[in-house]
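Worksheet: one structure, shown below.
The values are calculated or read from the model by the stated rules, or taken from the named source; none is laboratory data. For clarity, every value in this text was computed on a predicted model and none was experimentally measured. With ideal geometry, Cβ positions are generated from the backbone for all residues, glycine too; neighbour counts draw on all protein chains shown.
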Amino acid sequence: MKMYMLKLTTPCREKATGLNGMVTHAIIKMDKSIKYLFQPRGINPDDGQPVTKIFVGPERLILSPKDFKYVDIPFEILGTQVTDKASGFTGMATEFVRYTHGCFHVIIQPKGTLKKTNSPINHTEFDLRQCEGPMIKKLSQPELTKSKQKNPSPTNMKFTESLPRTSSGVADVRH
C-alpha cells in the first residue's frame with residue numbers, strides 16, 4: 001500500500017514548541033497512523049548532546065506539499081507472526097519504523113508475560129530484512145544485497161536516555 005508520508009530529514013518547524021528542526025524517523029502503526037520523531041535543532045549545554053527528540057503527528061509540523069512523497073508500506077505484514085532469523089525472537093508485527101536511509105524496521109511484540117514479574121514481555125525492533133514470516137517477501141541474495149546498498153540499516157545508533165528503552169537497551173522510538 002502506498003502512503004503519503006513526510007520525507008525524512010525535511011527541515012521544518014514544530015508548531016506547539018515553535019522549534020526548528022528535522023524529522024528523523026516515521027513510526028507507522030497497524031491503524032495506518034503515522035507519528036514522526038522530531039529532532040529540534042540545538043545542543044544541550046549541560047551535556048553537549050543534541051536536545052531531546054519529541055514525537056509528533058504531521059499536523060504539528062509546518063510543511064509544504066513538496067515535503068511529502070508516496071512510500072510503499074507492506075501493511076500485510078502488520079498483525080502477522082514474525083521471527084527474527086538471527087535470534088529466533090518471535091511475535092506479532094505491530095509497527096514499522098522507517099529510517100532516513102529508507103530502510104524499514106519492524107516492532108515485534110511477543111505473546112505472554114515474564115514469570116518473575118507477570119509483566120508483558122517487551123517488544124523489540126529488528127531490520128525487516130532479517131525477519132521471516134508468512135507475509136514477508138523472501139529476497140534472493142542479490143536482491144538482499146541490492147536492498148541493503150540502496151537502503152542501509154542504521155548501526156551504532158545512539159538515542160538520548162530520555163527515550164524509553166527496550167529490554168535489549170535499544171531506544172524505543174514508537175511513542
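Which of the residues spanning the stretch 83-116 are hydrophobic (A, V, I, L, M, F, W, C) and surrounded by 15 or more Cβ atoms within 10 Å (Cβ to Cβ)?
Once the filter is applied, which keeps residues that are hydrophobic (A, V, I, L, M, F, W, C) and surrounded by 15 or more Cβ atoms within 10 Å (Cβ to Cβ), the stretch 83-116 yields PHE89, MET92, ALA93, PHE96, VAL97, CYS103, PHE104, VAL106, ILE107, ILE108.
Condition (residue is of a type outside the set (S, T, N, Q) and over 22 Å from ASN151 (Cα atoms)) applied to the stretch 19-29: is it met by at least one residue? Checked against the condition, which is being of a type outside the set (S, T, N, Q) and over 22 Å from ASN151 (Cα atoms), the stretch 19-29 yields at least one hit. The set of residues in the stretch 70-101 being modelled with pLDDT of 95 or more, charged (D, E, K, R) and more than 16 Å from SER33 (Cβ to Cβ) consists of GLU76, ASP84, LYS85. Can you find a residue that is surrounded by 19 or more Cβ atoms within 10 Å (Cβ to Cβ) and either under 27 Å from TYR4 (Cβ atoms) or touching a residue at least 12 places away in the same chain (Cβ under 8 Å) (or both) anywhere in the stretch 42-53? The answer is yes, given that some residue of the stretch 42-53 is surrounded by 19 or more Cβ atoms within 10 Å (Cβ to Cβ) and either under 27 Å from TYR4 (Cβ atoms) or touching a residue at least 12 places away in the same chain (Cβ under 8 Å) (or both).
Condition first: surrounded by 12 or more Cβ atoms within 10 Å (Cβ to Cβ), closer than 24 Å to ARG13 by Cα, among the hydrophobic types (A, V, I, L, M, F, W, C) and without any contact (Cβ under 8 Å) to a residue 40 or more places away in the chain. Can you find one or more residues in the stretch 56-65 that meet it? Scanning the stretch 56-65 turns up no residue that is surrounded by 12 or more Cβ atoms within 10 Å (Cβ to Cβ), closer than 24 Å to ARG13 by Cα, among the hydrophobic types (A, V, I, L, M, F, W, C) and without any contact (Cβ under 8 Å) to a residue 40 or more places away in the chain.
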